[in-house]
Amino acid sequence: MPTDEFNRKWYWDFRKNAWYCLRCNNCKWIDNWEVKDARFARICPSNAYYLFDTYAAQGRMDVSLDLIDGVLKYEDDPEILDILYACNTCGGCDVMCKGVHDMSPINVILEMRAKMVEDGQLLPQYLPILESLRREDNTMLGKKADRGKWAEGLGIKNLAEESAEVAFFTGCRFSFDEELWKIPRAIAGIFKDAGVDFGIMGKDENCCGSRPAQMGFKGEFTKYAENNIDAWKNAGVKTVVTACSDGYYAMKRLYPEVGSKVEVLHMVEFLARLIEQGKIKLTKKVPMKVTYHDPCHLGRRLSQAISVFNPNERSMGIYEPPRDIIKAIPGVEMVEMFRNRECAWCCGAGGGVIDTYPDFNSYTATQRIIEAQETGAEAIVTACPWCERSLGDAIKETGAKIKVIDLVELVDSARQRGGK
């Protein structure tokens, strides 16, 4: 990140970023040399779906600049809210822009959302989510008392009452989406067999704040970050592990700005560590052809937080560890989609879109399913519950002959248990 004050203001004054946009169209497409099939050359889901320049990053820069300067007012056009909210905040535009201009359109969009929240310009669809956050501390409209139900009968330490070195942060989606409970339950089994000293906050766990931050609710994000940091400190936690990419991004990139000092690992990283230490042995054959979907917040979004940006380093992310684990499983054949790593197409769920623009979410997820089927894979492996929900719903809607599984499930199927 630029250290001198002039460059810091230049990079992170979002008005200057909006003004600096050259309207070159790079934000809509993956790099030319990365295109392997013209059908899969786009990077921006909203521009592909709405088919107007205004719904690409460069159009949003124009709208943002005019709103900041007072040339445009919210009441001038009711579609202004959609222009800035109908975005997955996947960061595809940003990684392509940084390859040419070293500017940050994703942060302009996020700052504009925060400004719109301050100005009282909210989508009606946000109101039940906001109410759920304020009453029940989650984005899923679930009861706080039910947050730890997924762990019933597993005998996991309650970090509200006990201490442990490792906190498993479940997150809103895994906590309240019963179809996905098998994944955190599998994680608990892996941890126990590996001898990990871990616990959960259960019903006392709060939202990580990532989704509120993406929607523009900065105050809610800060509140949850501070609450979670205090809870970990009180429980003597040294390492936080989560299987949610959204939560990982928030805790890894945003929490340090609020004072977090704990080590934060995604489950992918923790699995790699346990495998390297010999605590997980992948010995069982899993005959399956799979492709891997890179979650945005486990990939390119990690390079786009203000606190970590380095010019010319546009795409750092956790790309190889999940692929290395998949390739280490006997019997598994790994094939890549046309768009992968920093060029990956979004699952469609991000930025609140899964709750506010369901048709757009479905379109985005369906495009990814079509791309995955082109590889001949039997399953899409990924590492984020939001991706699993979005892609899974698209599979149900389209009747596609492919399934989506978490990397944890694949590892759990292949790992040796009790010497067998």
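The values are calculated or read from the model by the stated rules, or taken from the named source; none is laboratory data. Because the structure is a prediction, the values reported are computed rather than measured. Quick reminder, even Gly has a Cβ in these numbers, built from the backbone with ideal geometry, and neighbours come from all protein chains shown.
Taking the condition in contact (Cβ under 8 Å) with a residue 60 or more places away in the chain, touching a strand residue (DSSP E or B) at 6+ places or on another chain (Cβ under 9 Å) and not basic (Lys, Arg), does MET96 pass? Yes.
The set of residues from segment 137-154 being over 22 Å from LYS238 (Cβ atoms), part of a helix (DSSP H, G or I) and aliphatic (A, V, I, L, M) comprises just one member, ALA145. The set of residues from segment 346-363 being buried (at least 24 other Cβ atoms within 10 Å of the Cβ) and either over 18 Å from GLN214 (Cα atoms) or free of Cβ contacts under 8 Å to residues at least 12 places away in the same chain (or both) is empty. Quick check: is even one residue across segment 342-351 more than 25 Å from ALA272 (Cβ to Cβ) and in a helix (DSSP H, G or I)? Yes, segment 342-351 contains at least one residue that is more than 25 Å from ALA272 (Cβ to Cβ) and in a helix (DSSP H, G or I).
Considering every residue within segment 384-392, establish whether at least one is surrounded by fewer than 24 Cβ atoms within 10 Å (Cβ to Cβ), under 15 Å from the mean Cα position of the chain (by Cα) and not assigned by TED's automatic domain parsing to the domain that holds ALA114. Yes: one or more hits. When the residues of segment 86-136 are filtered to those that are outside any helix (DSSP H, G or I) and among the aliphatic types (A, V, I, L, M), the one that is nearest to ARG339 (Cα to Cα) is VAL100. Hey, does segment 266-278 have a residue that's within 17 Å of the chain's Cα centre (by Cα), within 22 Å of LEU159 (Cα to Cα) and without any contact (Cβ under 8 Å) to a residue 40 or more places away in the chain? No, because not a single residue in segment 266-278 is within 17 Å of the chain's Cα centre (by Cα), within 22 Å of LEU159 (Cα to Cα) and without any contact (Cβ under 8 Å) to a residue 40 or more places away in the chain. Summed over segment 189-226, the residues that are among the polar types (S, T, N, Q) and touching a Ser or Thr at 6+ places or on another chain (Cβ under 8 Å) give a count of 1. As for segment 155-174, it holds at least one residue that is part of a loop (DSSP other than H, G, I, E, B) and under 18 Å from SER245 (Cβ atoms). Quick one: is ASP82 acidic (Asp, Glu), over 30 Å from ASN227 (Cβ atoms) and at pLDDT 95 or above? It is true that ASP82 is acidic (Asp, Glu), over 30 Å from ASN227 (Cβ atoms) and at pLDDT 95 or above.
Pairs meeting the criteria (first residue in segment 144-162 and in contact (Cβ under 8 Å) with a residue 60 or more places away in the chain, second residue part of a strand (DSSP E or B) and buried (at least 18 other Cβ atoms within 10 Å of the Cβ), beta carbons under 7 Å, at least 6 apart or on different chains) are LEU159/ALA167; LEU159/GLY199; LEU159/ILE200; GLU162/GLY199.
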